[in-house]
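The values are calculated or read from the model by the stated rules, or taken from the named source; none is laboratory data. Note that the structure is predicted; figures quoted are calculated from it, not measured. Positions of Cβ are backbone-derived with ideal geometry, glycine not excepted, and every protein chain shown enters the neighbour counts.
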Amino acid sequence: MASIEVDGKNYETDEEGYLVNLSDWNKEIADYIAKTESIEMSDQHWEVINFLREYFDEYQIAPAVRVLTKAIGKKLGAEKGNSEYLYGLFPYGPGKQACKIAGLPKPTGCV
Amino acid sequence: MLHIVNKSPLTSTTLESCLNTAAGGDLLLIEDAVYAATTGSAFEGKLKAAMGRLKVHVLMPDLEARGLADRMIEGITPVDYAGFVGLTVANKNCQSWL
Amino acid sequence: MSDVKKFMFVNRKAPYGTIYALESLEVVLITAAFDQDVSLAFMDDGVYQLKKGQQTKGIETKNFSPTYRALEDYDVEKLYVEKEAMEARGLSEEDFIVDVTVLSRAEMGAMMDEQDVVLSF
């Protein structure tokens, strides 16, 4: 099993770097994973991460990109609920990359 | 004797065979068999009829998982995992119906 | 754009006792990405999948019932429940975690006939 080390503690991840135990997640781990993805976390990034975690808490799944985009638009406004904005924040895919930083599994149906 | 059943009574004939066979003793419903312990189910009459001969127990974590803890038929004994172990110890033999 | 096909997922197993219910749900979520006409049928013990109030902490298994509420976000809005199966289990529409359309067996059969693809779980 792969793992990452943050603040002297080891956390189990899968081969692609997704946290194995959802309950391990904290902001420091999020910052660490973001760095490995070459992402500098801003308030806009956190807004999406927090949204994903709330979505997971409510529905027990990480939403597909299309669903995430629509749901963000509904909650945070149309200027944020579009691919251009979300890919601007997470260039390798808002689903894949943001879920990894949020400590969630890869969205169902994402390969 | 302890009889353990884990199949839903409306999908499989396992529980019915068990009830037709068991002369007495304890019956423990686990996994999908816990649906037999709920009120309003089409199997309710058959289970109640057997409750005179058999002492019926239901594994509560399985009933709670299925959202039916508030619909347990009166007279059934709820057990936790420790209670499950207790039943296997208290009986001289047991059958897990497949 | 290719033709839209009618897909029906037929769910006949109770949750947790076997893996079918969860597997079906995951396939439905994947299929939803392909913009097809997706409907879900809940028959026999499958109607138990939608029961409100599931608490799986005690069996250390993921409670996937909240995910049925996300189907709407995936544009999966056709959920059919077999009336006879629901009643045989002492359940009514108010017991379900999502809004459903209740169909008699005969109506369910007719609905199946209309499909291009039926997947059974």
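Which of the residues spanning the stretch B:19-28 are in contact with a His (Cβ under 7 Å, 6 or more places away or on another chain) and either surrounded by 23 or more Cβ atoms within 10 Å (Cβ to Cβ) or assigned to a helix (DSSP H, G or I) (or both)?
Within the stretch B:19-28, B:Leu27, B:Leu28 qualify.
Taking the stretch A:1-28 on its own, how many of its residues are touching a residue at least 24 places away in the same chain (Cβ under 8 Å) and surrounded by 10 or more Cβ atoms within 10 Å (Cβ to Cβ)? Before you say what the answer is, go through the steps one by one.
Filtering the stretch A:1-28 down to residues touching a residue at least 24 places away in the same chain (Cβ under 8 Å) leaves A:4, A:6, A:16-19, A:22, A:24-25.
Now restrict to residues that are surrounded by 10 or more Cβ atoms within 10 Å (Cβ to Cβ): A:4, A:6, A:17-19, A:22, A:24-25.
The total comes to 8.
Given the condition modelled with pLDDT under 95, surrounded by 14 or more Cβ atoms within 10 Å (Cβ to Cβ) and over 25 Å from A:Ile4 (Cα atoms), answer yes or no: does some residue in the stretch A:89-109 qualify?
yes
Inside the stretch C:1-59, can you point out the residues that are within 14 Å of chain B (Cβ to nearest Cβ), β-branched (Val, Ile, Thr) and surrounded by 22 or more Cβ atoms within 10 Å (Cβ to Cβ)?
Result: C:Val47, single match.
Does any residue of the stretch B:25-37 turn out to be over 11 Å from the mean Cα position of the chain (by Cα) and without any contact (Cβ under 8 Å) to a residue 60 or more places away in the chain?
In the first step, residues of the stretch B:25-37 are kept if they are over 11 Å from the mean Cα position of the chain (by Cα); the result is B:25.
Imposing the further condition that a residue be without any contact (Cβ under 8 Å) to a residue 60 or more places away in the chain reduces the set to none.
No, the stretch B:25-37 has no match at all.
Which condition number does C:Ile97 fail, the rest of (1) among the hydrophobic types (A, V, I, L, M, F, W, C); (2) within 9 Å of chain B (Cβ to nearest Cβ); (3) under 15 Å from the mean Cα position of the chain (by Cα); (4) buried (at least 21 other Cβ atoms within 10 Å of the Cβ) being met?
C:Ile97 satisfies every listed condition except (4).
Looking only at the stretch A:29-61, count every residue that is within 14 Å of another protein chain (Cβ to nearest Cβ) and surrounded by 15 or more Cβ atoms within 10 Å (Cβ to Cβ) and tell me the total. Break it down into steps so the answer makes sense when it comes.
Applying the first criterion (within 14 Å of another protein chain (Cβ to nearest Cβ)) to the stretch A:29-61 yields A:51-52, A:54-61.
Retained after the next criterion (residues that are surrounded by 15 or more Cβ atoms within 10 Å (Cβ to Cβ)): A:51-52, A:55-56, A:59-61.
Residues flagged as within 14 Å of another protein chain (Cβ to nearest Cβ) and surrounded by 15 or more Cβ atoms within 10 Å (Cβ to Cβ) within the stretch A:29-61 amount to 7.
Specify the residue that is nearest to the chain's Cα centre (by Cα); the eligible residues are those in the stretch C:6-58 that are at pLDDT below 95 and part of a loop (DSSP other than H, G, I, E, B).
Only one residue tops the list, namely C:Gln36.
Residues in the stretch B:32-50: is at least one part of a strand (DSSP E or B) and more than 12 Å from chain C (Cβ to nearest Cβ)? Steps first, answer last, please.
Restricting attention to the stretch B:32-50, the residues satisfying the condition of being part of a strand (DSSP E or B) are B:38, B:41.
Now drop any that are not more than 12 Å from chain C (Cβ to nearest Cβ), which leaves none.
Taking every residue of the stretch B:32-50 in turn, none turns out to be part of a strand (DSSP E or B) and more than 12 Å from chain C (Cβ to nearest Cβ).
Six or more apart or on different chains, Cβ atoms under 8 Å: show the pairs whose first residue is in the stretch A:56-81 and closer than 12 Å to A:Gly95 by Cβ and in contact (Cβ under 8 Å) with a residue 60 or more places away in the chain and whose second is surrounded by fewer than 19 Cβ atoms within 10 Å (Cβ to Cβ) and charged (D, E, K, R).
none
Mind checking which residues of the stretch C:1-55 are hydrophobic (A, V, I, L, M, F, W, C), over 19 Å from C:Val100 (Cα atoms) and in contact with a Lys or Arg (Cβ under 8 Å, 6 or more places away or on another chain)?
Kept after step one, since they are hydrophobic (A, V, I, L, M, F, W, C), are these residues of the stretch C:1-55: C:1, C:4, C:7-10, C:14, C:19, C:21-22, C:25, C:27-30, C:32-34, C:38, C:40-43, C:47, C:50.
Now narrow it down to the ones that are over 19 Å from C:Val100 (Cα atoms): C:1, C:4, C:19, C:27, C:30, C:33-34.
The answer is C:Ala33, and nothing else.
Out of the residues in the stretch C:60-76 meeting the condition of being closer than 14 Å to C:Thr31 by Cβ and more than 7 Å from every other protein chain (Cβ to nearest Cβ), tell me which one is surrounded by the fewest Cβ atoms within 10 Å (Cβ to Cβ).
C:Asp75
Return a yes/no flag: does the stretch B:40-52 have any residue that is among the aromatic types (Phe, Trp, Tyr) and closer than 16 Å to B:Glu16 by Cα. So that I can check it myself, show each step before the final result.
Start the filter on the stretch B:40-52 by keeping residues that are among the aromatic types (Phe, Trp, Tyr), which leaves B:43.
Applying the additional criterion that residues be closer than 16 Å to B:Glu16 by Cα yields B:43.
Among the residues of the stretch B:40-52, at least one is among the aromatic types (Phe, Trp, Tyr) and closer than 16 Å to B:Glu16 by Cα, which makes the answer yes.
I need the full set of residues from the stretch C:59-87 which are among the aromatic types (Phe, Trp, Tyr) and over 11 Å from the mean Cα position of the chain (by Cα), in order please.
Filtering the stretch C:59-87 for residues among the aromatic types (Phe, Trp, Tyr) gives C:64, C:68, C:74, C:80.
Listed by number, the residues that qualify are C:Phe64, C:Tyr74.
Can you report the number of residues in the stretch B:51-84 which are more than 8 Å from chain C (Cβ to nearest Cβ), in contact with a helix residue (DSSP H, G or I) (Cβ under 9 Å, 6 or more places away or on another chain) and assigned to a helix (DSSP H, G or I)?
Matching residues across the stretch B:51-84 total 3.
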